[in-house]
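For reference, the structure discussed in these notes is given below.
The values are calculated or read from the model by the stated rules, or taken from the named source; none is laboratory data. All of these numbers come straight from a predicted model, not from anything done at the bench. Note: ideal-geometry Cβ built from the backbone for every residue, glycine included; neighbour counts use all protein chains shown. What goes into the accessible areas is simple: the full protein's heavy atoms, side chains included, and nothing from ligands, DNA or RNA. Shrake-Rupley method; radii C 1.70, N 1.55, O 1.52, S 1.80 Å.
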Amino acid sequence: MPGTVVLGTQWGDEGKGKIIDFCAEKADVVVRFNGGSNAGHTVKVGDEVFRFHLIPSGTIRPEKLNIVGNGVVVDPEVLVKEIDELKGRGYKVDNLKVSERAHLVMPYHKLIDGLEEGLKGSLKAGTTMRGIGPCYEDKAARIGVRFGDLVDRDLLEARLSTLVPLKQRLISAYGGDDVLSREALLRDYVGYGKVLGKYSADTSLILHEALSEGRQVLFEGAQGTHLDIDHGIYPYGTSSNCVTGSASVGSGVGIRHIQEVIGVVKAFTSRVGTGPFPTELPEEEGAYLRDRSLGEYGTTTGRPRRIGWLDTVMVRFSARVNSPDHLAVMKLDVLAGLDPAKVCVAYESDGEELRHFPASMNVLSKCKPVYEELAGWEDISEDTWREVVKAGYDESPPNLREYLAFLTKQTGVPVGIVSVGPGRAETMDIRK
Ligand code: IMP
């Protein structure tokens, strides 16, 4: 702090929600900077489980200010639903601001997402169907509608008068039979404006003022490095940047304010979409880890995740593009009881050893993992893990510590946070 970024080093679903919640305790402001309601962050507080798609995980801490930054694409329908749900659970949600520059997901984006996926053949990414790609496409094409526009009826009307016929042509050309209504869209979005207008703000300015006053800001990454539009597994990733640099771009804060980067790594690898996955386990073996783990099903889509061994080629790449100060290693309790625990350290491709993650999907799809086998650690109960946490890291199973030391050796990044269960009480902070 004052600026700490938490982001995923794999294909999303590393357990960022828990680390963001953990770090939010010391933060004054939490800001999301990328993605949209394709994300799913699960936070467990006591016996209560919260699942967020859009709003920052810090919103359940009433004393923190929460910001949805300009880099996020906002589906107002989802936002209204999440706010209402929180209100129904007793939260006032008066600690939320949304960038007036954030782009809006429109119903036609979701329709086009589905139609494009159906037509993309081998380029199909297995999207979450939340309209993310088409919304970012419009942003880049400069035909988007922004959050601040919600409160300007005349502007909305003018935009929709141009955009509805344009999108209708596209939908029909793609073979869709949905008919868009400018009037219905205008009515709905003016309605969202009435409910959401009070959240709209110049959030870059709010962040700038907070940082100038020495307040602590936590930047909450969504998805993961290997889904990043530039650095991820193109074309199977998402449409936003998910790396450290995007925390600055997606929130309107200069890079000098970012003083700590935490890369979240799950102790195994998972993936919900399509595309090559070198360490993927056969279904019956993957199902073992999936079933032991809370929620190895897409938080947004409910799809079972594909599961594989930890891949340090991926994490090494993430270390390079994100410059993390620490790794937060998740779900070490889930891996417990597996002996040996395999870790991929390189790939074999056409008889050569590759230590760096390739850009080409053709190359990646031919890569065979080169494993090192490490001794596993004992499977113990949730209560026993809590005892371990209380006793301190040095009292945790020696093989677990060996495993983490090995991860550091492979990636060059020290482990700073160790997670052995879903709750706050199952977390060891060993950052120096
Ligand atoms: P989209 O972001 O919905 O366009 O989906 C593009 C790809 O990113 C698909 O393979 C999705 O499964 C994946 N994806 C998007 N968001 C997440 C996430 O939060 N966790 C994991 N995978 C995601």
Arg316: within 15 Å of the ligand (Cβ to nearest atom), among the basic types (Lys, Arg) and more than 30 Å from His208 (Cβ to Cβ), yes or no?
no
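Restricting attention to helices (runs of 4 or more DSSP H) lying wholly within the stretch 85-185, give those where 1 or more residues are away from the ligand (no atom under 16 Å from the Cβ). Quick ask: steps written out before the conclusion?
On the way: elements: 107-119, 132-141, 153-173.
The helices (runs of 4 or more DSSP H) meeting that bar are 132-141, 153-173.
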What are the residue pairs meeting all of these: first residue in the stretch 244-262, first residue in a helix (DSSP H, G or I), second residue surrounded by fewer than 18 Cβ atoms within 10 Å (Cβ to Cβ), Cβ atoms under 7 Å, and 6 or more apart or on different chains?
Thr244/Ser323; Ser248/Gly254; Ser248/Ile255
Tally of residues being over 20 Å from the mean Cα position of the chain (by Cα) and either of a type in the set (S, T, N, Q) or open to solvent by less than 50 Å² (accessible area, probe 1.4 Å) (or both) across the stretch 255-284
4
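Here is a check on your reading of the model: is Val31 more than 12 Å from the ligand (Cβ to nearest atom), part of a strand (DSSP E or B) and surrounded by fewer than 24 Cβ atoms within 10 Å (Cβ to Cβ)?
When the stated conditions are applied, Val31 does not pass them.
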Kindly provide the set of residues from the stretch 34-72 that are in contact (Cβ under 8 Å) with a residue 12 or more places away in the chain, β-branched (Val, Ile, Thr) and open to solvent by 10 Å² or more (accessible area, probe 1.4 Å), ordered by number.
Thr42, Val45, Ile60
Single condition Ser99 does not satisfy, out of (1) within 27 Å of Met361 (Cβ to Cβ); (2) surrounded by 15 or more Cβ atoms within 10 Å (Cβ to Cβ); (3) of a type outside the set (Lys, Arg)
(1)
Considering residues that are touching a residue at least 60 places away in the same chain (Cβ under 8 Å) and surrounded by fewer than 18 Cβ atoms within 10 Å (Cβ to Cβ), the number found within the stretch 116-160 is 5
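Is it true that some residue in the stretch 211-219 is in a helix (DSSP H, G or I), away from the ligand (no atom under 14 Å from the Cβ) and either open to solvent by 30 Å² or more (accessible area, probe 1.4 Å) or touching a residue at least 24 places away in the same chain (Cβ under 8 Å) (or both)?
Here is the first cut: in the stretch 211-219, the residues in a helix (DSSP H, G or I) are 211-212.
Those still in the list that are away from the ligand (no atom under 14 Å from the Cβ) too: 211-212.
Filter again for either open to solvent by 30 Å² or more (accessible area, probe 1.4 Å) or touching a residue at least 24 places away in the same chain (Cβ under 8 Å) (or both), leaving 211-212.
Within the stretch 211-219, one or more residues are in a helix (DSSP H, G or I), away from the ligand (no atom under 14 Å from the Cβ) and either open to solvent by 30 Å² or more (accessible area, probe 1.4 Å) or touching a residue at least 24 places away in the same chain (Cβ under 8 Å) (or both).
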How about the stretch 1-28: which of its residues are away from the ligand (no atom under 14 Å from the Cβ), open to solvent by less than 10 Å² (accessible area, probe 1.4 Å) and among the charged types (D, E, K, R)?
Asp21
Please pick out the residue among Ser239, Ser204 that is in a loop (DSSP other than H, G, I, E, B) and either of a type in the set (Gly, Ala, Ser) or within 16 Å of the ligand (Cβ to nearest atom) (or both).
Ser239
Checking Tyr234 against (1) open to solvent by 50 Å² or more (accessible area, probe 1.4 Å); (2) within 25 Å of Ala346 (Cα to Cα); (3) away from the ligand (no atom under 16 Å from the Cβ): exactly one of these is not met. Which one?
(3)
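Where residues in the stretch 173-191 are over 18 Å from Ser161 (Cα atoms) and of a type outside the set (A, V, I, L, M), which of them is most open to solvent (accessible area, probe 1.4 Å)? If you could, list the steps in order and put the result at the bottom.
So in the stretch 173-191, the residues over 18 Å from Ser161 (Cα atoms) come out as 173-177.
From what's left, of a type outside the set (A, V, I, L, M): 174-177.
Working: Tyr174: 70, Gly175: 63, Gly176: 17, Asp177: 133 Å².
Taking the candidates together, the pick is Asp177.
Taking Gly250 as the residue in question, decide whether it is open to solvent by less than 20 Å² (accessible area, probe 1.4 Å), within 14 Å of the ligand (Cβ to nearest atom) and under 20 Å from the mean Cα position of the chain (by Cα). First the steps, then the outcome.
Working: open to solvent by less than 20 Å² (accessible area, probe 1.4 Å): yes; within 14 Å of the ligand (Cβ to nearest atom): no; under 20 Å from the mean Cα position of the chain (by Cα): yes.
Here the answer is no, as Gly250 does not meet what is asked.
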Going through (1) in contact (Cβ under 8 Å) with a residue 24 or more places away in the chain; (2) away from the ligand (no atom under 16 Å from the Cβ); (3) open to solvent by 10 Å² or more (accessible area, probe 1.4 Å) one by one, Ala287 fails only at (1)
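Looking at the stretch 220-231, which of the residues that are in a helix (DSSP H, G or I) and in contact with a helix residue (DSSP H, G or I) (Cβ under 9 Å, 6 or more places away or on another chain) is farthest from the ligand (Cβ to nearest atom)?
Filtering first and then ranking leaves Thr225.
Conditions (1) over 15 Å from Thr244 (Cβ atoms); (2) at pLDDT 95 or above, marked per residue:
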residue: Val6; (1), (2): no, yes
residue: Lys16; (1), (2): no, no
residue: Ser37; (1), (2): yes, yes
residue: Ile55; (1), (2): yes, no
residue: Val74; (1), (2): yes, yes
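Return the residues of the stretch 290-300 that are of a type in the set (Gly, Ala, Ser) and either open to solvent by 20 Å² or more (accessible area, probe 1.4 Å) or within 12 Å of the ligand (Cβ to nearest atom) (or both); say none if nothing qualifies.
Of the residues in the stretch 290-300, the ones of a type in the set (Gly, Ala, Ser) are 293, 295, 298.
Selection gives Gly295, Gly298.
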